[in-house]
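Asks: This is the structure I have questions about; it appears just below.
The values are calculated or read from the model by the stated rules, or taken from the named source; none is laboratory data. Keep in mind that this is a model prediction, so the values were computed, not measured. Because the Cβ atoms are built from the backbone with ideal geometry, glycine has one as well, and the counts that use them run over all protein chains shown. Just the protein is used for accessible areas: all its heavy atoms, side chains included, with ligands, DNA and RNA removed. Shrake-Rupley method; radii C 1.70, N 1.55, O 1.52, S 1.80 Å.
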Amino acid sequence: MSKVKVAFTLNDQEVSLLVQPEERLLDTIRDRLNLTGTKEGCGVGECGACTVMLDGQAVNSCLVLTAQVYGREVRTVEGLGGEEELDKLQQAFIDHQAVQCGFCTPGMLMSARALLDDTGSPTREEIKTALDGNLCRCTGYKQIVEAVEAAAEAEEVD
Amino acid sequence: MTEDIKFFQTDNLEAALELLADSSGVIKPVAGGTDLMVKIREDRELLQEFAGILDITNISELQGIAEEQDFVRIGALVTHREIIKSELLQEKYPALVEAARALGSTPIRNRGTIGGNVCNAAACADTLGPLVAFEAEVVLASQAGERVVPAGDLVEKPYQTVIRQDELLRYFRLPLPAEGTFSSFQKIGRRQAAAITRISLVLVARVSQGTVEHIRIVPGSAIPVPEPFTALEKRIKGQKIGEIDSKELSALAGEEMVKITGERWSTPYKKPALATLVRRALVELKEVADNE
Ligand SMILES: Cc1cc2nc3c(=O)[nH]c(=O)nc-3n(C[C@H](O)[C@H](O)[C@H](O)COP(=O)(O)OP(=O)(O)OC[C@H]3O[C@@H](n4cnc5c(N)ncnc54)[C@H](O)[C@@H]3O)c2cc1C
Ligand code: FES
Ligand code: FES
């Protein structure tokens, strides 16, 4: 097997490992690095359960080859918030009942985090666009959009 | 088994082209992976066809948007997100920006590239229509040098282009549109988000003193390969904008489609859908021309 050495930053920590040439970032994160917050739904870019941030942008980790992220920065749901406190988005999701079964939540949070880092006070339309790659079977999206709005406001106050 | 597949990564165009020229096996380029990874997922056997995968995302010659002497250059690696954010493209080629905006979902637009969209050459590839309508040229690079192909001649049939195995798509060259050029992108998707286009349309036109001086109408995915509706264009060119009968002309578009594709199971849906898109685009054109 011709394994590939890859080194990248995962949640602010340097990681270095050998992967298969065709290995998906999703599998590396879940199976090798044991960060299981990132979920697999469809495996073909349709559902957004696997969303992570790559150099600050939301991407589907089921469509990224791990070997491609050499030298780049990856952030998963485990890398949100601090040691002790939740990310403002996580708190807002709880406060607004934006979580039911929770399967879509990590992906939703990463899409929303990428948006807020990029756009300080997004409009409702911008929030909907940022979440257009994340499916939720349970909530009907309303609470999720409201949670993101609330988190954006809370961050502006800080 | 995928015992032997290798992964290559380089930021050097020459090195990439040298790898591709190696005849001992197929080296598959990967950019955003949003088409390739889905294909591999759906058919793992596909991997066996490749001796290696070549990550081209770090090659700077394939990146960036820039205005040159008399054209705008769009690198193959430019993502849909970059297209949407580009003020230059918003100003000069709004239909291309709208096509990128309507494509896939946010994570797909963040990662997917215009080069990948065109090289993959699905019948529903959203950026192809605008590129054809703006009369873009495609610059292909290989060890033998560069060659230039008009966007309209690039795709032979769905999923098949004239790009050779030893070539990379380097960039697109879009002629600067004449002052006052209007463009519009229309799309009907089955689903708001992440719907692979079922049918789309690009209209590029210039109206001067009430007369249509230039018109390009290119459907996407209504026909296998995007090409201009020349009969329809002929009917509109030189006409007074006020005298254009959008309804009659939009019906003509449906007929031109059938001339190209023949009657198919999808025709009863696509014909009126396409007519609607043509009508919408013409109405927009009239509105803009009226306000001048
Ligand atoms: C959920 C989902 C929704 C989507 N929705 C849409 C949609 O609405 N409209 C649409 O048009 N597409 C859609 N797509 C398809 C895809 O996202 C786009 O076609 C995208 O632009 C492909 O770019 P990429 O960089 O990801 O291509 P890749 O997958 O990296 O490459 C695609 C092909 O092109 C080749 N290639 C890439 N770059 C080059 C180059 N520079 N030179 C030579 N060969 C090259 C590769 O070898 C491969 O064969 C969707 C995909 C998904 C998964
Ligand atoms: S698992 Fe990646 S988008 Fe569904
Ligand atoms: S909370 Fe269940 S899928 Fe969103």
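Asks: Which sequence of B:Phe71, B:Phe134 reflects their accessible areas, 1.4 Å probe, from the largest down? If you can, show how the numbers build up before the last one.
Replies: Values: B:Phe71 40, B:Phe134 15 Å².
Largest to smallest exposure gives the sequence B:Phe71, B:Phe134.
Asks: How many percent of the accessible area of chain B is carbon or sulfur, using a 1.4 Å probe? Each step should come with its number before you reach the end.
Replies: Values: 5980 of 13200 Å².
The value for chain B is 45 percent carbon and sulfur by accessible area.
Asks: Quick one: how many Å² of B:Cys119 are accessible to a 1.4 Å probe, rounded to 10?
Replies: Counting only protein heavy atoms, the figure is 60 Å².
Asks: Right, something else. Where in the range B:229-272 are there chymotrypsin sites (Phe, Trp or Tyr not before Pro) that are in a DSSP coil and have at most 13 other Cβ atoms within 10 angstrom of their Cβ? Please list the in-between numbers first.
Replies: Details: sites: B:Phe229, B:Trp265, B:Tyr269; in loops: B:Phe229, B:Trp265.
Within the range B:229-272, the qualifying chymotrypsin sites (Phe, Trp or Tyr not before Pro) (loop, at most 13 other Cβ atoms within 10 Å) are B:Trp265.
Asks: Would you work out which of B:Ala122, B:Leu176, B:Ala76 lies farthest towards the positive end of the dipole of the range B:76-206, given +1 charges on the beta-carbon of Lys and Arg and -1 on that of Asp and Glu, about the Cα centre?
Replies: Most positive-ward Cα: B:Ala122.
Asks: Now for a different question. If you take every residue apart from A:Ile94 with its C-beta less than 13 Å away from the C-beta of A:Ile94, what net charge results, scoring Lys and Arg +1 and Asp and Glu -1? Please report the intermediate quantities before stating the final value.
Replies: Working: positive: A:Lys88; negative: A:Glu85, A:Asp87, A:Asp95, A:Glu146.
Net charge in that neighbourhood comes out at -3.
Asks: Within chain A, what percent of beta bridges assigned by DSSP are antiparallel, to the nearest 5? Please list the in-between numbers first.
Replies: Working: 14 of 16 bridges.
Of those bridges, close to 90 percent are antiparallel.
Asks: Measuring from label point to label point, each 7 Å out along Cα→Cβ, what is the A:Asn34 to B:Phe71 span in nm?
Replies: It is 5.5 nm.
Asks: Could you tell me whether the protein assembly as shown comes out rounded, prolate or oblate from its Cα gyration tensor? Rule is a ≥ b ≥ c as square roots of the eigenvalues, rounded for a/c under 1.5, then prolate if a/b exceeds b/c, otherwise oblate.
Replies: Numbers: a/c = 1.96, a/b = 1.33, b/c = 1.47.
Oblate.
Asks: Straight distance only, please: which aspartates and glutamates reach the Cα of B:Lys85 with their own Cα at less than 18 Å, same-chain residues fewer than 8 apart left out?
Replies: Leaving aside aspartates and glutamates fewer than 8 places away in the same chain, those within reach of B:Lys85 are A:Asp55, A:Asp117, A:Asp118, A:Glu125, A:Glu126, A:Asp132, B:Glu67, B:Glu98, B:Asp126.
Asks: Same structure, new question: Just reorder B:Arg235, A:Arg113 by solvent-accessible area, largest first, 1.4 Å probe, all chains present.
Replies: On the way: B:Arg235 95, A:Arg113 25 Å².
From most accessible down to least: B:Arg235, A:Arg113.
Asks: Taking 7 Å along the Cα-to-C-beta vector as the label spot, tell me the B:Lys234-A:Ile94 distance in nanometres, rounded to one decimal.
Replies: Simple spin-label model gives 7.0 nm for this pair.
Asks: Take the Cβ-Cβ distance between B:Glu87 and B:Glu146 as r, set R0 to 35 Å, and report the resulting FRET efficiency rounded to the nearest 0.05.
Replies: Plugging the Cβ-Cβ distance into 1/(1 + (r/R0)^6) gives 0.80.
Asks: Strictly over 18 Å apart at the Cα level, which of B:Lys187/B:Lys259; A:Lys5/B:Lys6; B:Lys187/B:Lys270; A:Lys3/B:Lys6; B:Lys157/B:Lys234 would you flag in this model? Each step should come with its number before you reach the end.
Replies: Details: B:Lys187/B:Lys259 21 Å; A:Lys5/B:Lys6 12 Å; B:Lys187/B:Lys270 12 Å; A:Lys3/B:Lys6 8 Å; B:Lys157/B:Lys234 25 Å.
Distance filter (> 18 Å) returns B:Lys187/B:Lys259; B:Lys157/B:Lys234.
Asks: How well do other chains shield peptide B:109-118, expressed as the mean number of their Cβ atoms within 10 Å of each residue Cβ?
Replies: On the way: counts 5, 11, 8, 3, 0, 0, 0, 0, 0, 0.
Mean partner shielding for this stretch: 3.
Asks: What accessible area per residue, rounded to a whole number of Å², is obtained for the protein assembly as shown using a probe radius of 1.4 Å? Walk me through the numbers on the way to the answer.
Replies: Numbers: 20290 Å² over 450 residues.
On a per-residue basis, the protein assembly as shown sits at 45 Å².
Asks: Got a sec to turn the phi values of the range A:63-79 into Karplus ³J(HN,Hα) couplings, 6.51 cos²θ - 1.76 cosθ + 1.60 with θ = phi - 60°, whole Hz, x for Gly and Pro?
Replies: Result, ordered by residue: 10, 10, 7, 4, 4, 6, 8, 3, x, 9, 10, 10, 10, 10, 4, 5, x Hz.
Asks: Shifting gears a bit: Mean Kyte-Doolittle of at least 0.0 plus a Cα span of 15 Å or more along the axis: flag which DSSP H helices in chain B meet both, please.
Replies: Details: long enough: B:246-261 (23 Å, 0.05); B:267-290 (34 Å, -0.09).
Span-like helices here: B:246-261.
Asks: Nearest 500 deg cm²/dmol is fine: what mean residue ellipticity at 222 nm does the protein assembly as shown get from its DSSP H runs of n ≥ 4 alone, each adding -39,500 (n - 2.57), divided by its residue count? Display every interim value, and only then the final one.
Replies: Details: 15 runs with 147 residues, N = 450.
Result for the protein assembly as shown: -9500 deg cm²/dmol, rounded to the nearest 500.
Asks: Size of the dipole of the protein assembly as shown about the Cα centre, Lys and Arg at +1 and Asp and Glu at -1 on the beta carbon, nothing else charged, in debye to 20?
Replies: On the way: 49 positive and 69 negative charges, 365 e Å.
Taking the Cα centre of the protein assembly as shown as origin, the dipole is about 1760 debye.
Asks: In addition: Could you work out, residue by residue across B:138-147, how many beta carbons of other chains sit within 10 Å of that residue's beta carbon, and then give the average as an integer?
Replies: Rounded to a whole number, the mean comes out at 0.
Asks: Within 12 Å, Cβ to Cβ, of B:Thr230, how many net charges do the neighbouring residues add up to if Lys/Arg are +1 and Asp/Glu are -1? Write down the numbers at each step before the final one.
Replies: On the way: positive: B:Arg216, B:Lys234, B:Arg235, B:Lys237, B:Lys259; negative: B:Glu227, B:Glu233, B:Glu256.
With Lys, Arg at +1 and Asp, Glu at -1, the neighbours total +2.
Asks: A further question follows. Summarise the partner chain shielding of B:93-105 as one whole number: the mean count of Cβ atoms from other chains within 10 Å of each residue's Cβ.
Replies: Values: counts 0, 0, 0, 0, 0, 0, 0, 0, 1, 0, 0, 5, 15.
Mean partner-chain Cβ count within 10 Å for B:93-105: 2.
Asks: So, one more: Please report the net charge: other residues with Cβ closer than 12 Å to the Cβ of B:Ala21, K and R +1, D and E -1. All intermediate terms of the calculation are to be shown ahead of the outcome.
Replies: Working: positive: B:Arg164; negative: B:Glu14, B:Glu18, B:Asp22, B:Asp166, B:Glu167.
Within the 12 Å Cβ shell, the charges total -4.
Asks: Same structure again: Out of the total accessible area of the range A:88-157 (probe 1.4 Å, heavy atoms of protein only), what percent is carbon and sulfur?
Replies: That fraction is 51 percent.
Asks: Then there is this: In degrees from 0 to 90, rounded to the nearest 10, what is the angle of the helix A:142-157 Cα long axis to the longest principal axis of chain A?
Replies: 90
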